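Working notes, structure below.
The values are calculated or read from the model by the stated rules, or taken from the named source; none is laboratory data. Because the structure is predicted, anything quoted here is derived from the model rather than measured. Surface areas here come from the heavy atoms of the whole protein model, side chains and all, with no ligands, DNA or RNA. Shrake-Rupley method; radii C 1.70, N 1.55, O 1.52, S 1.80 Å.
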Amino acid sequence: MNKYARTIQDTLDLHQYTREEAEHEVVEFLEQSEKAGHSLIRIIVGKGIHSENGGVLGDFVRNLLSDKNYEFNDAKINEGAHGAIDVKL
């Protein structure tokens, strides 16, 4: 057990969202989470295993977070792995 492990304080699930909807929701979620004083949040983008063209939101959201200078990484394997992004605030 990692004594420095931190708890996810809020989660946004983007399943079934378009890129445009996801961008709006992510920006709003980040703002609300920062105002609430959260330090670690999770954005669920899905892995695309049920999508005809595979996952489309993962790279889009990662690029959005990079553009806004957020520190983030994929969730642990047992917590969503590449289908969930943990964001440090």
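A few comments on the model shown:
- Full-extension gain in nm, residue 63 to residue 10, via 0.36 nm per residue minus C-alpha separation: 17.0 nm
- With DNA, RNA and ligands ignored, accessible area of residue 8 (1.4 Å probe; Å², nearest 10): 50 Å²
- Treating each Cα of the chain as an identical point scatterer and summing with the Debye formula, the log10 of I(q)/I(0) at q = 0.22 Å⁻¹ comes to -1.11.
- Heavy-atom accessible area, probed at 1.4 angstrom with all protein chains present, ranks 35, 47 as 35, 47, highest first.
- Here the Gaussian network model covers the chain, with springs between Cα atoms less than 10 Å apart; of 67, 59, 13, 67 fluctuates the most.
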